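Here the structure is laid out as C-alpha coordinates; the discussion comes afterwards.
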Amino acid sequence: MSSAAALNIPIGISGIICTILILIAIITDVINKRKSELLRKASGAPTTSRVPNAKKKFWVRILLILTNFALYSFLIHTFSVSLIRFNIYPQTHLFCRWLATVNTAIYHCTRYSLYLVLITRIHVSFNINDSAYSYSKKYVIFPLLILLIINFILALAADFLLPAEAGIDGYYDEEIEACAPIFGVAALAVNLLNDLFFCTVLLILFIRPLIKLQGMRKAVKLQEMSSGQRDKSRDVSSKLTITTNTSTKSVDTPTLPSAHSLEPALSHSEAQQSPTSTNDAEVDDRMNRIRSMSMESKKKKDQQHKFSEFVVRYAVCVIVAICSTLLLMFTVGAINSLSDLLSPWDNATNVWCIILINKYNTKIYNKLCCGPSKCIKCCCKFD
(Lines give C-alpha, C1' and ligand atoms only; values in the text may rest on other atoms or scores of the structure.)
Protein backbone atom coordinates (compact mmCIF):
# COMPACT_ATOMS: atom_id res chain seq x y z
CA MET A 1 0.00 0.00 0.00
CA SER A 2 1.40 3.39 -1.04
CA SER A 3 1.60 6.42 1.21
CA ALA A 4 -1.27 8.06 -0.72
CA ALA A 5 -3.44 4.95 -0.31
CA ALA A 6 -2.72 4.92 3.43
CA LEU A 7 -4.72 8.17 3.71
CA ASN A 8 -7.89 6.57 2.35
CA ILE A 9 -9.16 5.32 5.71
CA PRO A 10 -8.57 8.62 7.62
CA ILE A 11 -10.18 10.64 4.81
CA GLY A 12 -13.09 8.20 4.62
CA ILE A 13 -13.60 8.27 8.39
CA SER A 14 -13.49 12.08 8.26
CA GLY A 15 -16.27 12.02 5.68
CA ILE A 16 -18.34 9.62 7.79
CA ILE A 17 -17.95 11.94 10.81
CA CYS A 18 -19.21 14.85 8.69
CA THR A 19 -22.15 12.71 7.54
CA ILE A 20 -23.04 11.99 11.18
CA LEU A 21 -22.79 15.71 12.01
CA ILE A 22 -25.18 16.52 9.17
CA LEU A 23 -27.61 13.85 10.38
CA ILE A 24 -27.45 15.29 13.91
CA ALA A 25 -28.17 18.77 12.50
CA ILE A 26 -31.19 17.56 10.52
CA ILE A 27 -32.63 15.59 13.45
CA THR A 28 -32.05 18.52 15.84
CA ASP A 29 -33.77 20.91 13.44
CA VAL A 30 -36.80 18.62 13.09
CA ILE A 31 -37.13 18.14 16.87
CA ASN A 32 -36.81 21.85 17.68
CA LYS A 33 -39.24 22.78 14.93
CA ARG A 34 -41.79 20.32 16.27
CA LYS A 35 -41.37 21.68 19.81
CA SER A 36 -41.81 25.23 18.53
CA GLU A 37 -45.02 24.34 16.68
CA LEU A 38 -46.44 22.61 19.75
CA LEU A 39 -45.68 25.67 21.90
CA ARG A 40 -47.32 27.93 19.32
CA LYS A 41 -50.43 25.77 19.27
CA ALA A 42 -50.57 25.81 23.07
CA SER A 43 -50.29 29.61 23.14
CA GLY A 44 -52.77 30.10 20.29
CA ALA A 45 -50.23 31.74 17.95
CA PRO A 46 -50.35 30.86 14.22
CA THR A 47 -47.99 28.04 13.20
CA THR A 48 -45.83 27.93 10.11
CA SER A 49 -48.59 26.17 8.16
CA ARG A 50 -51.14 28.81 9.23
CA VAL A 51 -49.46 32.08 8.33
CA PRO A 52 -52.20 34.72 7.94
CA ASN A 53 -50.56 36.44 4.95
CA ALA A 54 -51.20 34.34 1.82
CA LYS A 55 -48.16 35.73 0.02
CA LYS A 56 -45.89 35.03 2.96
CA LYS A 57 -47.42 31.57 3.37
CA PHE A 58 -46.49 30.74 -0.23
CA TRP A 59 -42.88 31.91 0.14
CA VAL A 60 -42.50 30.19 3.51
CA ARG A 61 -43.50 26.91 1.86
CA ILE A 62 -41.03 27.52 -0.99
CA LEU A 63 -38.32 28.22 1.59
CA LEU A 64 -39.17 25.03 3.47
CA ILE A 65 -38.97 22.92 0.28
CA LEU A 66 -35.67 24.48 -0.78
CA THR A 67 -34.21 24.06 2.72
CA ASN A 68 -35.10 20.37 2.86
CA PHE A 69 -33.71 19.83 -0.64
CA ALA A 70 -30.46 21.56 0.35
CA LEU A 71 -30.06 19.62 3.61
CA TYR A 72 -30.55 16.21 2.00
CA SER A 73 -28.36 17.14 -0.98
CA PHE A 74 -25.54 17.97 1.42
CA LEU A 75 -26.13 14.70 3.27
CA ILE A 76 -26.01 12.56 0.10
CA HIS A 77 -22.97 14.36 -1.29
CA THR A 78 -21.00 14.01 1.95
CA PHE A 79 -21.82 10.33 2.25
CA SER A 80 -20.93 9.58 -1.38
CA VAL A 81 -17.60 11.45 -1.16
CA SER A 82 -16.64 9.54 2.00
CA LEU A 83 -17.43 6.18 0.36
CA ILE A 84 -15.04 6.87 -2.52
CA ARG A 85 -12.02 6.34 -0.28
CA PHE A 86 -13.17 2.97 1.09
CA ASN A 87 -12.64 1.17 -2.23
CA ILE A 88 -15.81 -0.94 -2.03
CA TYR A 89 -16.96 -0.46 -5.63
CA PRO A 90 -16.01 -1.80 -9.09
CA GLN A 91 -12.50 -0.72 -10.10
CA THR A 92 -13.37 0.23 -13.67
CA HIS A 93 -12.98 3.37 -15.74
CA LEU A 94 -16.69 3.41 -16.65
CA PHE A 95 -17.85 3.24 -13.04
CA CYS A 96 -15.37 5.92 -11.89
CA ARG A 97 -16.49 8.24 -14.68
CA TRP A 98 -20.15 7.69 -13.74
CA LEU A 99 -19.33 8.26 -10.05
CA ALA A 100 -17.48 11.52 -10.82
CA THR A 101 -20.39 12.79 -12.94
CA VAL A 102 -23.05 11.97 -10.34
CA ASN A 103 -21.00 13.43 -7.47
CA THR A 104 -20.44 16.66 -9.42
CA ALA A 105 -24.16 16.91 -10.18
CA ILE A 106 -24.99 16.43 -6.49
CA TYR A 107 -22.35 19.06 -5.63
CA HIS A 108 -24.09 21.53 -7.93
CA CYS A 109 -27.38 20.67 -6.21
CA THR A 110 -25.83 21.55 -2.85
CA ARG A 111 -24.32 24.83 -4.06
CA TYR A 112 -27.31 26.22 -5.93
CA SER A 113 -29.85 25.04 -3.38
CA LEU A 114 -27.83 26.87 -0.70
CA TYR A 115 -27.86 30.06 -2.77
CA LEU A 116 -31.59 29.69 -3.48
CA VAL A 117 -32.31 29.18 0.24
CA LEU A 118 -30.40 32.34 1.17
CA ILE A 119 -32.03 34.51 -1.51
CA THR A 120 -35.50 33.23 -0.60
CA ARG A 121 -34.80 33.84 3.09
CA ILE A 122 -33.83 37.44 2.31
CA HIS A 123 -37.15 37.88 0.50
CA VAL A 124 -39.21 36.27 3.28
CA SER A 125 -37.45 38.06 6.16
CA PHE A 126 -36.97 41.57 4.77
CA ASN A 127 -39.30 42.14 1.80
CA ILE A 128 -42.59 40.45 2.75
CA ASN A 129 -42.50 41.98 6.26
CA ASP A 130 -42.18 45.48 4.70
CA SER A 131 -38.91 46.03 6.52
CA ALA A 132 -36.78 49.14 6.12
CA TYR A 133 -34.03 46.79 5.00
CA SER A 134 -35.98 45.33 2.05
CA TYR A 135 -34.49 44.87 -1.41
CA SER A 136 -36.11 45.62 -4.74
CA LYS A 137 -37.98 42.57 -6.03
CA LYS A 138 -37.78 43.85 -9.58
CA TYR A 139 -34.06 44.62 -9.66
CA VAL A 140 -32.51 42.37 -6.97
CA ILE A 141 -34.53 39.40 -5.70
CA PHE A 142 -36.27 38.05 -8.80
CA PRO A 143 -33.32 38.61 -11.19
CA LEU A 144 -31.04 36.72 -8.77
CA LEU A 145 -33.55 33.87 -8.46
CA ILE A 146 -33.92 33.61 -12.25
CA LEU A 147 -30.15 33.76 -12.75
CA LEU A 148 -29.61 31.04 -10.13
CA ILE A 149 -32.22 28.73 -11.68
CA ILE A 150 -30.77 29.19 -15.18
CA ASN A 151 -27.22 28.53 -13.96
CA PHE A 152 -28.42 25.49 -12.03
CA ILE A 153 -30.05 23.98 -15.13
CA LEU A 154 -27.00 24.74 -17.29
CA ALA A 155 -24.64 23.22 -14.70
CA LEU A 156 -26.62 19.98 -14.52
CA ALA A 157 -26.83 19.82 -18.31
CA ALA A 158 -23.06 20.36 -18.59
CA ASP A 159 -22.39 17.61 -16.04
CA PHE A 160 -24.19 14.97 -18.12
CA LEU A 161 -23.92 16.25 -21.71
CA LEU A 162 -20.42 17.69 -22.09
CA PRO A 163 -17.77 15.31 -23.46
CA ALA A 164 -15.18 13.97 -21.03
CA GLU A 165 -12.39 16.12 -22.50
CA ALA A 166 -14.24 19.38 -21.80
CA GLY A 167 -16.28 18.43 -18.75
CA ILE A 168 -15.95 15.63 -16.21
CA ASP A 169 -14.10 12.35 -16.41
CA GLY A 170 -12.94 9.77 -13.89
CA TYR A 171 -10.55 6.84 -13.66
CA TYR A 172 -9.36 4.33 -11.11
CA ASP A 173 -6.05 5.54 -9.68
CA GLU A 174 -3.80 2.61 -8.76
CA GLU A 175 -1.61 4.83 -6.58
CA ILE A 176 -4.35 6.01 -4.22
CA GLU A 177 -6.45 2.86 -4.82
CA ALA A 178 -9.63 4.86 -5.35
CA CYS A 179 -11.58 6.61 -8.10
CA ALA A 180 -10.13 9.99 -9.04
CA PRO A 181 -12.14 12.68 -10.87
CA ILE A 182 -10.78 14.77 -13.75
CA PHE A 183 -12.28 18.19 -14.42
CA GLY A 184 -11.83 20.26 -17.56
CA VAL A 185 -9.95 23.50 -16.98
CA ALA A 186 -12.64 25.64 -18.63
CA ALA A 187 -15.46 23.94 -16.73
CA LEU A 188 -13.60 24.30 -13.42
CA ALA A 189 -12.86 27.99 -14.09
CA VAL A 190 -16.50 28.74 -14.96
CA ASN A 191 -17.68 26.93 -11.85
CA LEU A 192 -15.25 28.81 -9.60
CA LEU A 193 -16.20 32.19 -11.08
CA ASN A 194 -19.89 31.37 -10.75
CA ASP A 195 -19.55 30.42 -7.09
CA LEU A 196 -17.38 33.47 -6.41
CA PHE A 197 -19.98 35.78 -7.95
CA PHE A 198 -22.94 34.40 -5.98
CA CYS A 199 -20.95 34.21 -2.73
CA THR A 200 -19.89 37.85 -3.08
CA VAL A 201 -23.42 39.04 -3.89
CA LEU A 202 -24.92 37.16 -0.94
CA LEU A 203 -22.30 38.50 1.45
CA ILE A 204 -23.14 42.05 0.35
CA LEU A 205 -26.89 41.45 0.68
CA PHE A 206 -26.57 40.11 4.22
CA ILE A 207 -23.95 42.61 5.44
CA ARG A 208 -25.86 45.67 4.16
CA PRO A 209 -28.58 45.42 6.88
CA LEU A 210 -25.83 45.43 9.52
CA ILE A 211 -24.38 48.66 8.14
CA LYS A 212 -27.83 50.23 7.83
CA LEU A 213 -28.79 49.13 11.35
CA GLN A 214 -25.61 50.65 12.75
CA GLY A 215 -26.42 53.99 11.09
CA MET A 216 -29.99 53.95 12.42
CA ARG A 217 -28.78 53.20 15.94
CA LYS A 218 -26.43 56.19 15.79
CA ALA A 219 -29.26 58.43 14.59
CA VAL A 220 -31.55 57.22 17.40
CA LYS A 221 -28.85 57.89 20.01
CA LEU A 222 -28.31 61.42 18.70
CA GLN A 223 -32.07 62.03 18.75
CA GLU A 224 -32.33 60.74 22.33
CA MET A 225 -29.46 62.98 23.43
CA SER A 226 -31.06 66.07 21.86
CA SER A 227 -34.52 65.27 23.30
CA GLY A 228 -32.95 64.67 26.72
CA GLN A 229 -31.29 68.07 26.62
CA ARG A 230 -34.58 69.73 25.66
CA ASP A 231 -36.39 67.99 28.53
CA LYS A 232 -33.74 69.12 30.99
CA SER A 233 -34.01 72.73 29.82
CA ARG A 234 -37.82 72.57 30.14
CA ASP A 235 -37.56 71.21 33.69
CA VAL A 236 -35.14 73.97 34.68
CA SER A 237 -37.36 76.70 33.22
CA SER A 238 -40.47 75.30 34.96
CA LYS A 239 -38.62 75.14 38.29
CA LEU A 240 -37.48 78.74 37.87
CA THR A 241 -41.06 79.82 37.14
CA ILE A 242 -42.36 78.08 40.29
CA THR A 243 -39.60 79.63 42.41
CA THR A 244 -40.33 83.10 41.03
CA ASN A 245 -44.06 82.84 41.71
CA THR A 246 -43.47 81.57 45.24
CA SER A 247 -41.12 84.42 46.08
CA THR A 248 -43.59 86.95 44.65
CA LYS A 249 -46.32 85.49 46.80
CA SER A 250 -44.26 85.71 49.99
CA VAL A 251 -43.32 89.34 49.32
CA ASP A 252 -46.73 90.63 48.27
CA THR A 253 -48.88 88.92 50.94
CA PRO A 254 -50.06 91.50 53.62
CA THR A 255 -49.26 90.71 57.24
CA LEU A 256 -52.39 91.86 59.16
CA PRO A 257 -55.23 93.08 56.96
CA SER A 258 -58.02 95.12 58.48
CA ALA A 259 -61.60 93.91 58.68
CA HIS A 260 -62.92 96.07 55.83
CA SER A 261 -60.01 95.01 53.59
CA LEU A 262 -60.20 91.25 54.37
CA GLU A 263 -62.32 90.34 51.36
CA PRO A 264 -60.06 92.11 48.83
CA ALA A 265 -57.03 90.51 50.48
CA LEU A 266 -58.52 87.04 50.09
CA SER A 267 -59.33 87.63 46.48
CA HIS A 268 -55.84 89.00 45.96
CA SER A 269 -54.27 85.85 47.53
CA GLU A 270 -56.49 83.58 45.40
CA ALA A 271 -55.36 85.48 42.34
CA GLN A 272 -51.77 84.89 43.38
CA GLN A 273 -52.33 81.17 44.11
CA SER A 274 -53.95 80.39 40.75
CA PRO A 275 -50.76 80.82 38.65
CA THR A 276 -48.90 78.50 41.03
CA SER A 277 -51.52 75.76 40.74
CA THR A 278 -51.52 76.21 36.98
CA ASN A 279 -47.72 75.80 36.87
CA ASP A 280 -47.95 72.69 39.06
CA ALA A 281 -50.47 71.18 36.65
CA GLU A 282 -48.19 71.99 33.71
CA VAL A 283 -45.23 70.33 35.46
CA ASP A 284 -47.33 67.21 36.17
CA ASP A 285 -48.47 67.13 32.56
CA ARG A 286 -44.88 67.42 31.34
CA MET A 287 -43.76 64.65 33.70
CA ASN A 288 -46.54 62.37 32.44
CA ARG A 289 -45.54 63.06 28.85
CA ILE A 290 -41.91 62.34 29.69
CA ARG A 291 -42.89 59.03 31.32
CA SER A 292 -44.98 57.99 28.31
CA MET A 293 -42.17 58.98 25.95
CA SER A 294 -39.68 56.97 28.00
CA MET A 295 -41.97 53.94 27.91
CA GLU A 296 -42.34 54.26 24.14
CA SER A 297 -38.60 54.64 23.70
CA LYS A 298 -38.07 51.55 25.87
CA LYS A 299 -40.44 49.55 23.66
CA LYS A 300 -38.64 50.80 20.55
CA LYS A 301 -35.30 49.84 22.10
CA ASP A 302 -36.58 46.35 22.86
CA GLN A 303 -37.85 45.93 19.31
CA GLN A 304 -34.61 47.31 17.92
CA HIS A 305 -32.61 44.95 20.11
CA LYS A 306 -34.61 41.94 18.88
CA PHE A 307 -34.20 43.01 15.28
CA SER A 308 -30.47 43.62 15.73
CA GLU A 309 -30.12 40.10 17.17
CA PHE A 310 -32.03 38.78 14.16
CA VAL A 311 -29.79 40.65 11.66
CA VAL A 312 -26.60 39.63 13.49
CA ARG A 313 -27.64 35.97 13.47
CA TYR A 314 -28.31 36.06 9.73
CA ALA A 315 -25.00 37.77 9.09
CA VAL A 316 -23.01 35.32 11.25
CA CYS A 317 -24.51 32.20 9.66
CA VAL A 318 -24.19 33.47 6.10
CA ILE A 319 -20.65 34.82 6.55
CA VAL A 320 -19.47 31.51 8.03
CA ALA A 321 -21.17 29.47 5.27
CA ILE A 322 -19.89 31.67 2.43
CA CYS A 323 -16.36 31.92 3.82
CA SER A 324 -16.27 28.13 4.20
CA THR A 325 -17.29 27.74 0.55
CA LEU A 326 -14.73 30.30 -0.63
CA LEU A 327 -11.98 28.58 1.37
CA LEU A 328 -12.92 25.25 -0.21
CA MET A 329 -12.91 26.72 -3.73
CA PHE A 330 -9.50 28.38 -3.45
CA THR A 331 -7.91 25.42 -1.65
CA VAL A 332 -9.21 22.85 -4.13
CA GLY A 333 -8.23 25.14 -7.01
CA ALA A 334 -4.67 25.13 -5.70
CA ILE A 335 -4.49 21.50 -4.50
CA ASN A 336 -7.12 19.31 -6.19
CA SER A 337 -6.31 16.25 -4.07
CA LEU A 338 -7.72 17.95 -0.95
CA SER A 339 -11.28 18.02 -2.30
CA ASP A 340 -12.26 14.67 -0.72
CA LEU A 341 -10.98 15.85 2.66
CA LEU A 342 -12.35 19.42 2.73
CA SER A 343 -15.62 19.05 0.84
CA PRO A 344 -17.42 17.04 3.61
CA TRP A 345 -16.44 19.59 6.26
CA ASP A 346 -17.67 22.43 4.09
CA ASN A 347 -20.96 20.56 3.64
CA ALA A 348 -21.35 20.04 7.39
CA THR A 349 -20.59 23.73 8.06
CA ASN A 350 -23.19 24.86 5.51
CA VAL A 351 -25.86 22.54 6.92
CA TRP A 352 -25.36 23.80 10.46
CA CYS A 353 -25.45 27.41 9.24
CA ILE A 354 -28.74 26.74 7.43
CA ILE A 355 -30.46 25.32 10.50
CA LEU A 356 -29.01 27.84 12.98
CA ILE A 357 -30.69 30.70 11.10
CA ASN A 358 -34.06 29.36 12.28
CA LYS A 359 -35.45 31.08 15.37
CA TYR A 360 -36.34 27.84 17.15
CA ASN A 361 -32.64 26.89 17.20
CA THR A 362 -31.66 29.97 19.21
CA LYS A 363 -30.24 28.03 22.18
CA ILE A 364 -27.89 26.03 19.95
CA TYR A 365 -26.92 29.18 18.05
CA ASN A 366 -26.01 30.98 21.29
CA LYS A 367 -23.73 28.08 22.27
CA LEU A 368 -22.03 27.48 18.92
CA CYS A 369 -21.85 31.00 17.50
CA CYS A 370 -21.32 33.15 20.60
CA GLY A 371 -17.79 34.07 19.48
CA PRO A 372 -18.60 35.30 15.93
CA SER A 373 -21.76 36.99 17.21
CA LYS A 374 -19.82 38.95 19.84
CA CYS A 375 -17.20 39.91 17.25
CA ILE A 376 -19.82 41.36 14.90
CA LYS A 377 -21.57 43.20 17.74
CA CYS A 378 -18.24 44.62 18.85
CA CYS A 379 -17.29 45.71 15.33
CA CYS A 380 -20.72 47.30 14.77
CA LYS A 381 -20.76 48.76 18.35
CA PHE A 382 -24.06 47.12 19.25
CA ASP A 383 -25.11 47.00 22.91
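The values are calculated or read from the model by the stated rules, or taken from the named source; none is laboratory data. Since the model is a prediction, treat every value here as computed from it, not as a measurement. Note that we place each Cβ from the backbone using ideal geometry, even for glycine, and neighbour counts take in every protein chain shown. Accessible surface areas use protein heavy atoms only, side chains included; no ligands, DNA or RNA. Shrake-Rupley method; radii C 1.70, N 1.55, O 1.52, S 1.80 Å.
For first residues located in the range 57-72 and more than 21 Å from Ile24 (Cβ to Cβ) and touching a residue at least 12 places away in the same chain (Cβ under 8 Å), partners that are open to solvent by less than 50 Å² (accessible area, probe 1.4 Å) and among the charged types (D, E, K, R) and lie 6+ apart or on another chain with Cβ distances below 7 Å form the pairs Leu63/Arg121. In this entry, Arg85 passes the filter for residues that are of a type in the set (Lys, Arg) and over 23 Å from Leu162 (Cα atoms). Among the residues making up the range 332-381, those that are surrounded by fewer than 16 Cβ atoms within 10 Å (Cβ to Cβ), among the polar types (S, T, N, Q) and more than 14 Å from the chain's Cα centre (by Cα) are Asn336, Ser337. Inside the range 171-217, residues that are within 18 Å of the chain's Cα centre (by Cα), open to solvent by 50 Å² or more (accessible area, probe 1.4 Å) and more than 20 Å from Val312 (Cβ to Cβ) make up a count of 1.
The rows are residues; the columns are (1) in contact (Cβ under 8 Å) with a residue 60 or more places away in the chain; (2) in a loop (DSSP other than H, G, I, E, B); (3) of a type in the set (Gly, Ala, Ser); (4) over 19 Å from Phe198 (Cα atoms).
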{"site": "Phe74", "(1), (2), (3), (4)": "yes, no, no, no"}
{"site": "Phe86", "(1), (2), (3), (4)": "yes, yes, no, yes"}
{"site": "Ala105", "(1), (2), (3), (4)": "no, no, yes, no"}
{"site": "Tyr115", "(1), (2), (3), (4)": "yes, no, no, no"}
{"site": "Arg121", "(1), (2), (3), (4)": "yes, no, no, no"}
{"site": "Tyr135", "(1), (2), (3), (4)": "yes, yes, no, no"}
{"site": "Leu147", "(1), (2), (3), (4)": "no, no, no, no"}
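It is to be established whether one or more residues within the range 292-304 are among the aliphatic types (A, V, I, L, M), open to solvent by 80 Å² or more (accessible area, probe 1.4 Å) and either over 30 Å from Thr110 (Cα atoms) or at pLDDT below 75 (or both). The answer is yes, given that some residue of the range 292-304 is among the aliphatic types (A, V, I, L, M), open to solvent by 80 Å² or more (accessible area, probe 1.4 Å) and either over 30 Å from Thr110 (Cα atoms) or at pLDDT below 75 (or both). The selection criterion, being open to solvent by 20 Å² or more (accessible area, probe 1.4 Å), at pLDDT below 85 and in a helix (DSSP H, G or I), holds for Arg286.
Can you find a residue in the range 157-165 that is part of a helix (DSSP H, G or I) and surrounded by 18 or more Cβ atoms within 10 Å (Cβ to Cβ)? Looking through the range 157-165, at least one residue is part of a helix (DSSP H, G or I) and surrounded by 18 or more Cβ atoms within 10 Å (Cβ to Cβ). Could you look through the range 14-46, keep only residues that are more than 13 Å from Tyr360 (Cα to Cα), of a type in the set (A, V, I, L, M) and at pLDDT below 90, and pick out the one that is farthest from the chain's Cα centre (by Cα)? Checked the range 14-46; the qualifying residue farthest from the chain's Cα centre (by Cα) is Ala42. Restricting the search to the range 73-104, which residues are open to solvent by less than 50 Å² (accessible area, probe 1.4 Å) and within 28 Å of the chain's Cα centre (by Cα)? Matches in the range 73-104: Ser73, Phe74, Leu75, His77, Thr78. In summary, Gly184 fulfils each of the numbered conditions (1) free of Cβ contacts under 8 Å to residues at least 40 places away in the same chain; (2) more than 20 Å from Ile335 (Cβ to Cβ); (3) not aromatic (Phe, Trp, Tyr) with the single exception of condition (2).
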